[in-house]
1. Among the residues of segment 195-228, write down those that are surrounded by fewer than 20 Cβ atoms within 10 Å (Cβ to Cβ) and within 22 Å of the chain's Cα centre (by Cα).
2. Suppose we keep only residues that are part of a strand (DSSP E or B) and hydroxyl-bearing (Ser, Thr, Tyr) within segment 101-156. Which one would you say is surrounded by the fewest Cβ atoms within 10 Å (Cβ to Cβ)?
3. Would you point out the residue of segment 255-278, among those that are among the aliphatic types (A, V, I, L, M) and within 19 Å of residue 213 (Cβ to Cβ), that is surrounded by the most Cβ atoms within 10 Å (Cβ to Cβ)?
4. Confirm whether residue 287 is without any contact (Cβ under 8 Å) to a residue 60 or more places away in the chain and either closer than 16 Å to residue 184 by Cβ or touching a strand residue (DSSP E or B) at 6+ places or on another chain (Cβ under 6 Å) (or both).
5. Looking only at segment 270-300, count every residue that is assigned to a loop (DSSP other than H, G, I, E, B) and not acidic (Asp, Glu) and tell me the total.
6. Inside segment 207-241, can you point out the residues that are assigned to a loop (DSSP other than H, G, I, E, B), at pLDDT 95 or above and not hydrophobic (A, V, I, L, M, F, W, C)?
7. Considering each residue of segment 25-69, count those that are modelled with pLDDT under 95 and on the phi > 0 side of the Ramachandran plot, and give that number.
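The values are calculated or read from the model by the stated rules, or taken from the named source; none is laboratory data. Please read all numbers here as calculations on a predicted model, not as lab measurements. Virtual Cβ from ideal backbone geometry, glycine too; neighbours counted across all protein chains shown.
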Amino acid sequence: MARKMKAAVARGFGRPLAIEDVPVPEPGPGQVLVKVAACGVCHSDVHAVDGDWPLKPKIPFIPGHEGVGVVAELGPGVGRVREGDPVCVPWLHHACGTCEYCTTGWEPLCPGQTNTGYNVDGGYAEYVLAEAAFVGLLPKDPDFVAMAPIACAGVTTYKGVKETEARPGEWLIVSGVGGLGHVAVQYARAMALRVGAIDVADEKLELARSLGAEFAVNAHAGDAVAEVIERTGGGAHGVLATAASVASFTQAVAMARPRGTVALCGLPAGDFPTPIFDVVLKRITIRGSIVGNRQDLSEAVAFAASGQVKATVHSAPLEDVNDVFARLKAGEIDGRMALIP
């Protein structure tokens, strides 16, 4: 008789997740089975379950791409990890390894990639399958709940900060101090950048200050752009836009100084107007920034393991997943949530 495990299963777009007993998957060649200790909740999980994006997951599926736990079983040919090793199971489940993107360190752009919790089952379960070559290695005896968001929020914002090309001592503005942004502030500080923060909630601005932001501005109070330009002495060298808000994207461009770079991490619905005149005359760079590669993940984990970056995480049992989704949609979660199976 096949072993069973508890999992939160999406049976239809826009429907509540169902807590079910499903078969425990068996690792194939190059794969590992990970016993999940916790799985972070990303807003992308909500988009996946609601079918918001053009390329939709195949129903049914198990969401979750911030799974952390220990290796429980090894498939044939696995030598990178051993049973009992603590690991994280990130968004990038697998990439081809041979295309122009994989061979140049850009495997998150691989056209043949598969993604955890989207087109392969994810970590909202007691066990999850992972490709051994793509798991992130965690330090010995980690705080699994604290490390869960690093598998996505951590590596995504760390890569985003790098994509702004801001150098030590220069100004970085983090726009949106939510699950991504509050981690971004810490990575930027750990990378010796001067940090300012923008949000619309005073409690999130206070969180940014407590995490090392030199100033924090309410986007709805007065002229936020003018204040940023004044405080940074002419505008930010880099702006990391993490909020899922079209208005915040437009505002982010206005905050950049000449030759500044705006990296867009958030995924709001719709397009945003680009001020071509300002972009051209100020030589501003606007670029998208997706999750980092495997080396970025290793570096993001190292910052967290050293204590320089620590996500604000609240935990809840897996059975509360639909309530957690509702709170996330309502903007009621401070930092990040992690589900415990």
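1. Hits for segment 195-228 are 200, 201, 203, 206, 209, 210, 212.
2. Of all residues in segment 101-156, those part of a strand (DSSP E or B) come to 114-116, 120, 125, 127-131, 136-137.
With the extra rule that they be hydroxyl-bearing (Ser, Thr, Tyr), the set shrinks to 114, 116, 127.
On the way: 114: 15, 116: 30, 127: 24.
Only one residue fits best here, namely 114.
3. From segment 255-278, those among the aliphatic types (A, V, I, L, M) are 255-256, 262-264, 267, 269, 276; that's our starting set.
Now restrict to residues that are within 19 Å of residue 213 (Cβ to Cβ): 255-256, 262-263.
Working: 255: 26, 256: 29, 262: 25, 263: 26.
That would be 256.
4. Details: without any contact (Cβ under 8 Å) to a residue 60 or more places away in the chain: no; either closer than 16 Å to residue 184 by Cβ or touching a strand residue (DSSP E or B) at 6+ places or on another chain (Cβ under 6 Å) (or both): yes.
Spelling it out, it is not the case that residue 287 is without any contact (Cβ under 8 Å) to a residue 60 or more places away in the chain and either closer than 16 Å to residue 184 by Cβ or touching a strand residue (DSSP E or B) at 6+ places or on another chain (Cβ under 6 Å) (or both).
5. Initial filter on segment 270-300 (assigned to a loop (DSSP other than H, G, I, E, B)): 270-275, 283-284, 289-293.
Remaining after also requiring not acidic (Asp, Glu): 270, 272-275, 283-284, 289-293.
Selection size over segment 270-300: 12.
6. Within segment 207-241, 212, 214, 232, 233, 234, 235 meet the criteria.
7. 1
The rows are residues; the columns are (1) assigned by TED's automatic domain parsing to the domain that holds residue 315; (2) more than 12 Å from residue 127 (Cα to Cα); (3) in contact (Cβ under 8 Å) with a residue 24 or more places away in the chain.
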{"residue": "14", "(1), (2), (3)": "yes, yes, yes"}
{"residue": "23", "(1), (2), (3)": "yes, no, no"}
{"residue": "35", "(1), (2), (3)": "yes, no, yes"}
{"residue": "57", "(1), (2), (3)": "yes, yes, yes"}
{"residue": "78", "(1), (2), (3)": "yes, yes, yes"}
